[in-house]
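Just so it is clear, none of the values below were taken in a lab; they were calculated from the coordinates. What you see is a predicted model; the values in this text were computed from it and never measured. Cβ sites come from the backbone with ideal geometry, for glycine too, and all protein chains shown count toward neighbours.
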């Protein structure tokens, strides 16, 4: 049986809004390490993610493909799901890595919406293998988004059929 490291890593960063350069570098490194666990036999496109909670816990994830393509899971959703399953619902940042060297990795639309579920104003670090990165907020990756608060907005319930 494969050995799995189930240890939740921690990053101490006492900054309330902006992460220190050291913290960003550690988060990107952890996403690169998570990428090594990717299961991508079909696309050969490895992705890793490292998610930082408000209290400094880090949850990592990698993409996991499936022969039935739509049953695969992206690294970002993997990391967020791990955190949610441990009781976390608020996040400071997520770093995403891949093997792309000519451009920064960017989350797919589904992952952008998944991130948005947990707030629109937290940071996403899009990185390259050399450690360089582009920082964006979730609301910049998914402008004019639909979130949980939209479900409580006033709705029209009696809409006549016009057949």
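Here are the numbers for this structure:
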item	result
Taking region 10-152 and dividing mean pair separation by its residue count, relative contact order in percent (alpha carbons under 8 Å, at least six apart)	19
Helix 75-85 axis, angle to the chain major axis (alpha carbon atoms, nearest 10°)	80
Per-residue [θ]222 nm for the chain (sum of -39500 (n - 2.57) over DSSP H runs n ≥ 4, rounded to 500)	-6500 deg cm²/dmol
Most mobile of 131, 110, 87 in a GNM of the chain (Cα contacts under 10 Å)	87
Taking 136, 153 and counting other C-beta atoms within 10 Å, the order from fewest to most	153, 136
Acute angle (nearest 10 degrees) that the helix 21-35 long axis makes with the longest principal axis of the chain, alpha-carbon atoms	90
Residues 60, 23, sorted so that the one with the fewest Cβ neighbours within 10 Å comes first	23, 60
Förster radius 25 Å - calculated FRET efficiency between residue 67 and residue 33 (Cβ-Cβ, nearest 0.05)	0.40
Choice from 107, 41, 129 with maximal GNM fluctuation in the chain (Cα, 10 Å cutoff)	41
Neighbour-count ranking [beta-carbon atoms within 10 angstrom, fewest first] of 112, 89	89, 112
For the chain, built as a Gaussian network whose Cα springs stay under 10 Å, the top-fluctuating residue of 66, 139, 121	66
Alpha carbon centroid spacing (whole Å) that separates region 24-71 from region 82-113	8
Relative contact order (percent, whole number), region 88-163, Cα cutoff 8 Å, 6+ residue spacing	30
Pairwise label distance in nanometres, residue 45 with residue 140, each label 7 Å out on the Cα-Cβ vector	2.3
Using a Förster distance of 41 Å, the FRET efficiency for residue 104-residue 155 (Cβ separation, nearest 0.05)	0.60
Antiparallel bridge percentage (DSSP; both residues within the chain; nearest 5)	80
